[in-house]
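Take a look at the structure below.
The values are calculated or read from the model by the stated rules, or taken from the named source; none is laboratory data. Because the structure is predicted, anything quoted here is derived from the model rather than measured. All Cβ positions, glycine included, derive from the backbone under ideal geometry; neighbour counts span all protein chains shown. Side chains included, ligands, DNA and RNA excluded: accessible areas come from the protein's heavy atoms. Shrake-Rupley method; radii C 1.70, N 1.55, O 1.52, S 1.80 Å.
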Amino acid sequence: LLDPYVTVSVDQVRVGQTSTKQKTNKPTYNEEFSATVTDGHQIELSVFHDTPIGYDDFVANCTLHFQDLLRSAAPSDTFEGW
């Protein structure tokens, strides 16, 4: 079992980090982050395992390009609250 947390980065600048969930492989995060992005290209979500000693272990990541999100959205869609 992991002690996972997720970092949120926009264009390789960390804008948030969730709390660590203890001993689970199926964590649930209902946390919000707010960042003003005026000329961003991508958002990255990275999962780490919190270790008591040394560096935390990298588990997985996902990168979403803002251009892809905008292309797939309807004209009336908004990303506030996303």
Can you list residue pairs whose Cβ atoms sit under 8 Å apart, with the first residue in the range 36-57 being farther than 13 Å from Thr7 by Cα and the second being aromatic (Phe, Trp, Tyr) and not in a loop (DSSP other than H, G, I, E, B)? Count only pairs 6 or more apart in sequence or on different chains.
Val37/Phe66; Gly40/Phe66; His41/Phe66; Gln42/Phe66
The conditions are (1) free of Cβ contacts under 8 Å to residues at least 24 places away in the same chain; (2) exposed (fewer than 12 other Cβ atoms within 10 Å of the Cβ); (3) over 13 Å from the mean Cα position of the chain (by Cα), and Leu64 fails exactly one of them. Which is it?
(3)
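Quick grid of which residues meet (1) open to solvent by less than 80 Å² (accessible area, probe 1.4 Å); (2) in contact with an Asp or Glu (Cβ under 8 Å, 6 or more places away or on another chain); (3) of a type in the set (Gly, Ala, Ser):
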position	(1), (2), (3)
Val13	no, no, no
Glu31	yes, no, no
Thr38	no, no, no
His49	yes, yes, no
Leu69	yes, no, no
Pro75	no, no, no
